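Notes follow once the structure below has been shown.
The values are calculated or read from the model by the stated rules, or taken from the named source; none is laboratory data. The model shown is predicted, which means the values in this text are computed figures rather than measured ones. Reconstructed Cβ throughout: ideal geometry from the backbone, glycine too, with neighbour counts over all protein chains shown. In case anyone asks, the SASA skips ligands and DNA or RNA and just uses the protein heavy atoms, side chains included. Shrake-Rupley method; radii C 1.70, N 1.55, O 1.52, S 1.80 Å.
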Amino acid sequence: MGLDVMQETDFIAARVTEIIAEQAMMEPSDITDDSRLADLGIDSLGLVECIFGIEEAFGISVPFNANTPEQPGFDISSVGAIIAEVEKLVARQAA
Amino acid sequence: MRRVVITGAGTLNPLGADVRSTFSAMQQGQCAIGPLTCRDVERLHIKIGAEIRGFAPEQHFARNALSLLDRFTQIALVSARQAMAQSGLVIDEALALRAGVILGTAGGGNTTVDDNYRAVYADGKDRVHPFVVPRLMHNAAASHVSMEFGLKGPGYTVSTACASANHAMGQAFHMVRGGGADVMLTGGSEAMLCFGGIKAWEGLRVMSRDTCRPFSRDRSGMVQGEGGAVFVFEDYEHARARGAEILAEVVGFGMSSDAGDIVMPDRDGPVRAMRAALADAALAPNRVDYVNAHGTGTAANDRTEAEALRIVMGAHADAVPVSSTKSMHGHMIGGTSAVELLGCLMALREGVIPPTANFNEPDPEIGLDVVPNSAREASVDVAMSNAFAFGGLNAVLVLRRAP
């Protein structure tokens, strides 16, 4: 059971990183949890496309409104923060 | 009033991926109509069209840029790049404020609409890509052209069905002539050879199932195409001052509305548009050396257009060559008159009149010299290009050989 959760968590992190890397037109290996989207050259439109990619990949609905990007509903301050948010949403959906 | 000249031309259409190859195909009377390849083509009754073949968008645009570009915008951008390159214009800070863009399209991002309606209606998806709106909006092409070249003056889109590009170019002509801008990129593009786009046209029962034969007695209707062209319209003195090569002069534009039927063509509206264009150009009808007809290949249009030409031209209607290049590139709806203006440019610059392809037999109800099947060498000083849209909105441009 513990192993399954571990594998799922790794999978989410890898997939989210892939989606962000594709948007930034970089290799996933060049992206770390500390990376900030703006530093990766991802603008507001790119962010919306990332959110769409994440929703499609995990079959979840991300509570993101481009009018209020600072909202607490979905932390986008770094790649690691986004991964943590996606993990929470996937877990909530599975529950 | 200022004089307006064309200093650049670019195109992506079923006959060619640039002006040179399009001229060559027109001179050989090539017909680009063939089997359609869109998704679900087996569910269409009309299975032919003039598609752009061999166009690889990823060779022209970065992957992340492409997600914002419907096919009609891609066509406009590729055409605009060619036109700007030919013009040799450098858009500096001062010129940016005096340069703009007016493009025509009838369906805008029709393929994007089709794809995403399919996703939500047919495939039951509850989510669409975030860029659906910026892709499908009719002004997407004009906006992307303004962004790519930094054109900060007037910019907008004209949508008048089959006359969109002529109305757009007429507006650009007025804009430069009236001093509202020194340089305008103008023309039009269309890309609706998708299932929904063709299905809608099928409904009207005006489409041919074999090919497009304008003015031929056995004509069987129109054939849709996709593509477009973009031109650089420039103030003559501005072009001359920088030593630009002038491709032709735009000398007249005329518009009219039938105010009659939403689809049936009328004789009076086209007559008034042609007369207005010639009056604007201060040219007598017998000065016209070539007419690029609207010539859709439907029973109604071709007969009505011939009658209108006879009323405008009088006896000269029997002498002046009149061809429909839609027989070769299909009806590119909102972009078609931009590609047809290339036919006029070829006649003026190279002395070769493009033919009406697929022509089988003369129609006594028409009786014009339609330059059947083979291009013709001729000295052309003045060319007129007709566009008569569904909805009865007519737009006619007159070009003259470069001064």
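Using the Stokes-Einstein relation with a Kirkwood hydrodynamic radius computed over Cα pairs, the translational diffusion coefficient of the stretch B:240-314 at 10 °C and a viscosity of 1.306 mPa s comes to 114 µm²/s. Over the Cα atoms of chain B, the radius of gyration divided by the Kirkwood radius equals 0.95; this is the Rg/Rh ratio. Its alpha carbons give the stretch B:130-283 an Rg and a Dmax of 18.4, 52 Å.
Considering the convex hull of the alpha carbon atoms of the protein assembly as shown, report its projected area averaged over all viewing directions, in nm², one decimal.
On the way: hull surface 103.4 nm².
Mean shadow area of the hull around the Cα atoms is 25.9 nm².
With the helix formula -39500 (n - 2.57) applied to DSSP H stretches of n ≥ 4, the protein assembly as shown reaches a computed 222 nm mean residue ellipticity of -11500 deg cm²/dmol.
The equivalent ellipsoid of the stretch B:255-401 has semi-axes of 20, 17, 15 Å, largest first, where each one is the square root of 5 times an eigenvalue of the Cα gyration tensor. Roughly speaking, what % of Cα-Cα pairs in the stretch B:24-110 are separated by over 22 Å, rounded to a whole number? Taking all Cα-Cα pairs of the stretch B:24-110, the fraction more than 22 Å apart is 50 percent. In this structure, the amide hydrogen of B:GLY104, modeled 1.01 Å from its nitrogen in the peptide plane, lies closer than 5 angstrom to those of B:VAL158, B:GLY187, B:GLY188, B:SER189, counting only residues at least 5 positions away or on a different chain. With N the number of residues in chain A, Rg(Cα) / (2.2 N^0.38 Å) evaluates to 1.03. Ordering of B:2-12, B:156-166 by packing is B:156-166, B:2-12, highest average first (other Cβ atoms within 10 Å, averaged per residue). Annotation: lysines with alpha-carbon distance below 23 angstrom to B:LYS125 (same-chain offsets under eight excluded): B:LYS199.
The angle between the Cα long axis of helix A:44-58 and the main principal axis of chain A comes to about 20°, on a 0 to 90 degree scale. Shown here: the stretch B:4-241, whose C-alpha atoms stretch 56, 50, 30 Å along the first, second and third principal axes, sorted largest to smallest.
Relative to its Kirkwood radius, the Cα radius of gyration of the stretch B:68-209 gives an Rg/Rh of 1.05.
Over the stretch A:2-94, give the accessible area per residue in Å² for a 1.4 Å probe, as an integer.
Per-residue accessible area for the stretch A:2-94 comes out at 56 Å².
If a/c stays under 1.5 just call it rounded; otherwise compare a/b with b/c (prolate if a/b is bigger, oblate if not). Do that for the stretch A:34-90, with a ≥ b ≥ c from the square roots of the Cα gyration tensor eigenvalues. Here the stretch A:34-90 falls in the rounded category.
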